[in-house]
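Below you'll find the structure, written out as structure tokens, and then a few comments.
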Amino acid sequence: MHGSALVGRGGSIDWCCIPRFDSAAFFSRILDSTKGGFFKLWPTDVVRSSRRYLPNTNILETSFTTGTGSGFLLDFMPVHRYSSPPWNPMENTGFQGVVRILQCTRGQLGFEMECRPRFDYGKIVPHSSLSNPNTGIAHGGSDAVSVYCSAGLSMVNDGFQADGEILEGEKLYATVSNQMSCSHSPEPLHSTELEKGLADTSAFWEAWAALCTFRGEHYEAVLRSALTLKALTYAPSGGLVAAPTTSLPEAIGGKRNWDYRYTWIRDATFAIYALSIIGYTEEGRDFKNWLERNTSGKAADLQVMYGLGGERNLKELEIPELDGYRLSRPVRIGNRAYSQFQLDIYGEIMDSAHIFRKFGGAVDSGYWEYLRKVVNFVIDHWNEPDEGIWESRGGREHFVFSKVMCWVALDRAIRAATDLDLPGDIERWKEVRKKIQAEILDKGYSQEKGAFVQSYGSRNLDASSLMMPLVGFLPATDEKMESTIRAIQAELTNPEGFVYRYKDFDDGLDGTEGSFIICTFWLADNLIQLGEVDAARKLFDSAMTCANDLGLLSEEFDTETGEMLGNFPQAFSHLAMINTAVHLQEAIDGYSSQARSNR
């Protein structure tokens, strides 16, 4: 809930950003196989291996059998709370990083450890030194990390190395941490501290997982997605990153490589709904506070996305020195979509407030005043073109989804003012809501296509139309809506039924992309509303095959190659999976949830 690390199947951490998700990576081999740093810990002579998360946690366990024994490797990031005294003894040292514990359970295990930090996404080779036999420091520019290994370290290739063997019942401890967060030179960590950190981290996640109210057929997958969303939340501010990576491509070898390590208002509000319907309401309060704090109550200055601490300038840069993931260039940091005008976010803000109050949140006078400013902004600007939900770089248009979400903004304001007897010009809001709906039905629907289209005057279909029933604009059974669903099934799906965002649309970007996982779940939600539960369940099960062995989902998927595409793990995909699982369970056996009534 501060930074991230991606661990490969072979025990190598090939991506790591600490102390924040958007910090410059010092392990980034995933973006350049030669320049990027890594941290590998693995037994020798492995015959077979498997991995899982320890139940109800974000602690990774990789089990293996070798020619001489068996054992497992645990990887975790200690969870930090903001209380005094520190609940975790590792907080006393300022530790922010990754702990790795290798244990032999039978026979003996030979092991090799190599830690090679490369700062600023691999551009800076550090100056490395040993401060004691078990601890090394790597400095590069303004960055520094501390590396610890209980077996003792040697220096190799401007990094650190250890090897040896452990016997049955023995453990090896290794860590990497952000040295810039420490106020003193690192001291060797004791096994008791690391074991206590493991126990406390496990207890934190188990306690959080216990709050989940969903008990349906796909409980394990729902809980894994919820745990993933929580892990992607930046604890100091309550902001949720869209994904913890940058520049993992939407097509292998292509140019659609973006930095997702920021908080999109859209993604965060969608996540609040997904978490709320399975019992997690505190996150809604955190996001409400984050939103009020970082937007300063000015709807006119609202951005599409922000940095984790509320930063507004997310200038996009390219790193030409890096090869990119499987030669997918350019590698980008920052995201210039932050400066785009996207009207749908105003509807999503109002919808998040609607969800917040439905699950017990209080709308005080200050919050309501802010929401009224959002509504007034929509009234003044709803009929303008924008860049849309997919952040087109091909110019502004009158995107239909954007207009629908403007309708949502008015609709949620009317409901709040009516239900809570709050001040507001309800009659005017109703008039504008009606006007927006009439225009969408007139200009957003193509008689020729028999479907709602992407933008006024367009002939292109867009999967975002599938959100119309999900936000209550039209029921799926409405004649125009059902014909739109059928058109999307016919034109925007592949043979497996997975949904593409759009086709034949010049979005100002080069190259192709895979099917969008969130859009596939949206289609399943629509099929549920149409009463086609068996078809929805089949599509849901197919979409779940896009997850890796740990249940983690990327942004997109290539069904021809079976490859994940886009940044990973992707909040959009996981929140959509939760929604569909809950709605599907409700449709199958009458699972008692509030999902239907919340929108």
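The values are calculated or read from the model by the stated rules, or taken from the named source; none is laboratory data. Everything quoted here is computed from the prediction, not taken from an experiment. A quick note on method: Cβ atoms are made from the backbone with ideal geometry, for glycine too, and the neighbour counts reach across all protein chains shown. Note: accessible area is taken over every heavy atom of the protein model, side chains too, but ligands, DNA and RNA are not part of it. Shrake-Rupley method; radii C 1.70, N 1.55, O 1.52, S 1.80 Å.
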Within the P(r) computed for the range 237-338, what percentage of the Cα pairs occupies the region above 25 Å? 30
Tell me, what is the FRET efficiency for E168 and K196 to the nearest 0.05, using R0 = 22 angstrom and their Cβ-Cβ distance as r? 0.40
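Pull out a ≥ b ≥ c, the square roots of the eigenvalues of the alpha-carbon gyration tensor of the range 1-41, then state rounded if a/c is under 1.5, prolate if not and a/b is larger than b/c, and oblate in the remaining case.
oblate
Which semi-axes, in whole Å and largest first, does the equivalent ellipsoid of the range 258-302 have when worked out from the alpha carbon gyration tensor as the square roots of 5 times its eigenvalues?
Working through the eigenvalues yields semi-axes of 20, 15, 8 Å.
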Order the peptides 23-30, 282-289, 46-53 from the highest to the lowest mean number of other Cβ atoms within 10 Å of their residues. 23-30, 282-289, 46-53
Let me cross-check S483: its accessible surface, 1.4 Å probe, with only protein heavy atoms counted, in Å² to the nearest 10? 40
Please say if the range 197-267 is rounded, prolate or oblate, where rounded means a/c under 1.5 for a ≥ b ≥ c the square roots of the C-alpha gyration tensor eigenvalues, and otherwise the choice is prolate for a/b larger than b/c and oblate otherwise? prolate
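Could you tally the net charge around A151, taking each other residue with its Cβ under 13 Å from the Cβ of A151, Lys/Arg +1 and Asp/Glu -1? Write out the running numbers ahead of the final one.
On the way: positive: R100, K171; negative: E112, E114, D163, E165, E170.
Its environment carries a net charge of -3.
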If we count every other residue with Cβ under 15 angstrom of W368's Cβ, Lys/Arg +1 and Asp/Glu -1, where does the sum land? 0
In nm, to one decimal, how far is the E384 label point from the R106 one, both placed 7 Å along Cα→Cβ? 6.7
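Order H354, H80 by their accessible area, 1.4 angstrom probe, all chains in place, largest first.
The ordering from most to least exposed comes out as H80, H354.
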Excluding ligands and nucleic acids, what accessible area in Å² is computed for I124 using a 1.4 Å probe, to the nearest 10? 60
The range 149-267: C-alpha pair distances exceeding 26 Å, %: 51
On a 0 to 90° scale, report how tilted helix 191-209 is relative to the longest principal axis of the chain, with both axes built from alpha carbons and the result rounded to the nearest 10. 20
Farthest toward positive dipole pole in the chain [+1 Lys/Arg, -1 Asp/Glu at C-beta], among V363, Q570, A226: V363
Mean Cβ count within 10 Å, highest first, over the residues of peptides 468-475, 358-365: 468-475, 358-365
With Cα atoms, 0 to 90° folded angle of helix 479-491 axis to the chain main axis: 40
For a protection proxy built on the mean count of beta-carbon atoms within 10 angstrom, sort 560-567, 164-171, 109-116, 382-389 highest first, please. 109-116, 382-389, 560-567, 164-171
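On a 1.4 Å probe surface of the protein chains, which of D120, D421 comes out largest in accessible area, and what is the full order?
From most exposed to least exposed: D421, D120.
Give me the net charge of T66's neighbourhood, meaning all other residues with Cβ under 15 Å from the Cβ of T66; Lys, Arg count +1, Asp, Glu -1. If you can, show how the numbers build up before the last one.
On the way: positive: R48, R106; negative: D45, E112, D163, E165, E168, E170.
Local charge sum for T66: -4.
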Restricting things to alpha carbons, tell me how big the range 93-169 is in terms of Rg and Dmax, in Å. 14.0, 44
I want to check the label-to-label distance for Y219 and T68. Put each point 7 Å from Cα in the C-beta direction and report it in nm to one decimal. 4.2
What lysines does K288 reach when the alpha-carbon gap must be under 23 Å and sequence neighbours fewer than 8 apart in one chain are set aside? K230, K298, K358, K373
Counting only C-alpha contacts under 8 Å and six or more residues apart, can you give the relative contact order of the range 169-326 as a whole percent? 19
From the alpha carbon gyration tensor of the range 455-509, can you work out the equivalent ellipsoid semi-axes (sqrt of 5 times each eigenvalue) and give them in Å, largest to smallest? 20, 15, 10
Specify whether the C-alpha gyration tensor of the range 471-599 places it in the rounded, prolate or oblate class, a ≥ b ≥ c being the square roots of the eigenvalues: rounded for a/c under 1.5, otherwise prolate if a/b is larger than b/c and oblate if not. oblate
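So if I take the alpha carbon set of the range 336-410, get Rg, then get Rh from the Kirkwood formula, what is the Rg over Rh ratio?
1.03
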Just going by the charge dipole of the chain, with Lys and Arg at +1 and Asp and Glu at -1 on Cβ, which of S142, F39, T246 is farthest out on the positive end? S142
Farthest towards the positive end of the dipole of the chain, among M467, G216, G310 and with Cβ unit charges of +1 on Lys and Arg and -1 on Asp and Glu, lies the Cα of G310
How big is the accessible area of W264 in square angstrom, nearest 10, if you roll a 1.4 angstrom probe over the protein chains? 10
Per residue convex hull volume, Cα only, the chain, in Å³ is 146
Run the dipole for the chain about the Cα centre, Lys and Arg Cβ at +1, Asp and Glu Cβ at -1, nothing else charged, and hand back the magnitude in debye, nearest 20. 600
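Once the piece of chain linking E316 and A203 is laid out straight, how much longer is it, given 0.36 nm per residue of separation minus the C-alpha distance between them?
Value of the extension gain: 36.8 nm.
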Any chance you could check the Cα centroid distance between the range 93-160 and the range 407-478 for me, in angstrom? 55
Using the alpha-carbon atoms, what tilt in degrees (0 to 90, nearest 10) does helix 517-529 show relative to the longest principal axis of the chain? 50
Calculate log10 I(q)/I(0) of the range 340-467 for q = 0.11, 0.13 Å⁻¹, where I(q) comes from the Debye formula with a single equal point scatterer on each Cα and nothing for solvent. -0.39, -0.53
